[in-house]
1. Going by the structure shown, is residue 25 out of contact with any strand residue (DSSP E or B) (no Cβ under 7 Å at 6 or more places or on another chain) and closer than 12 Å to residue 107 by Cβ?
2. Need the failing condition index for residue 41 against (1) within 16 Å of ligand 2 (Cβ to nearest atom); (2) surrounded by fewer than 15 Cβ atoms within 10 Å (Cβ to Cβ), just the number.
3. Sort out which residues of the stretch 84-143 are in a strand (DSSP E or B), in contact with a helix residue (DSSP H, G or I) (Cβ under 8 Å, 6 or more places away or on another chain) and more than 19 Å from residue 32 (Cα to Cα), and write them in order of number.
4. Go through 135, 115, 101, 84 for me and flag whichever is surrounded by fewer than 16 Cβ atoms within 10 Å (Cβ to Cβ) and touching a strand residue (DSSP E or B) at 6+ places or on another chain (Cβ under 8 Å).
5. Would you please name the residue that is farthest from residue 78 (Cα to Cα), looking only at residues in the stretch 1-37 that are free of Cβ contacts under 8 Å to residues at least 60 places away in the same chain and surrounded by 13 or more Cβ atoms within 10 Å (Cβ to Cβ)?
6. If residue 40 satisfies all but one of (1) free of Cβ contacts under 8 Å to residues at least 40 places away in the same chain; (2) within 7 Å of ligand 1 (Cβ to nearest atom), what's the number of the condition it fails?
7. Which condition does residue 57 not pass, out of (1) touching a residue at least 12 places away in the same chain (Cβ under 8 Å); (2) part of a loop (DSSP other than H, G, I, E, B), if it passes all the others?
8. Based on what the data block shows, is residue 77 surrounded by 14 or more Cβ atoms within 10 Å (Cβ to Cβ) and in a helix (DSSP H, G or I)?
Ligand SMILES: Nc1ncnc2c1ncn2[C@@H]1O[C@H](COP(=O)(O)OP(=O)(O)OP(=O)(O)O)[C@@H](O)[C@H]1O
Ligand SMILES: [Mg+2]
């Protein structure tokens, strides 16, 4: 287990992969993880690593156009990207509120528009670009 909140400076993809590895030990069925950060900051990269650690050995792609990808790991992994959704009504229409009450791990890129539908607590990981290969990565619990 890791003490939260925690903040890392990652200087490479490999370092981010090991942060994902540490974080994977925290989560359990029903965990929701909001992934915050500008374009190209590493949200999808983090999901790729986490999905692999959680037992999915297929291809993880960005759900920018599909809104939701589902991967079969040890638990189902729901990978949302709300970048292109206009408002909360769209998010309700995809059944988000009911989905996050199922068994699984829920990863949400661009969570801002969906926050009012989130559970009473969830993880949030914030990625800041410090340089080409350098990221500040903060992991906290939001209540
Ligand atoms: N230290 C690092 N940790 C993670 N990714 C890194 C790091 N250094 C460079 N990168 C690169 O940053 C890019 C992050 O792209 P990614 O698609 O994950 O961004 P994103 O936050 O999901 O963007 P979007 O908002 O467009 O979905 C990848 O090309 C990755 O290789
Ligand atoms: Mg992405």
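1. On the way: out of contact with any strand residue (DSSP E or B) (no Cβ under 7 Å at 6 or more places or on another chain): yes; closer than 12 Å to residue 107 by Cβ: no.
Against the criterion (out of contact with any strand residue (DSSP E or B) (no Cβ under 7 Å at 6 or more places or on another chain) and closer than 12 Å to residue 107 by Cβ), residue 25 does not qualify.
2. Answer for residue 41: the failing condition is (2).
3. Hit for the stretch 84-143 is 135, nothing else.
4. Checking each option against the conditions leaves just 115.
5. 15
6. (1)
7. With respect to (1) touching a residue at least 12 places away in the same chain (Cβ under 8 Å); (2) part of a loop (DSSP other than H, G, I, E, B), residue 57 is out only on (1).
8. Against the criterion (surrounded by 14 or more Cβ atoms within 10 Å (Cβ to Cβ) and in a helix (DSSP H, G or I)), residue 77 does not qualify.
Taken together, the values in this text are just the output of simple stated rules run on the coordinates, not laboratory data. What you see is a predicted model; the values in this text were computed from it and never measured. We place every Cβ from the backbone using ideal geometry, glycine too, and count neighbours over all the protein chains shown.
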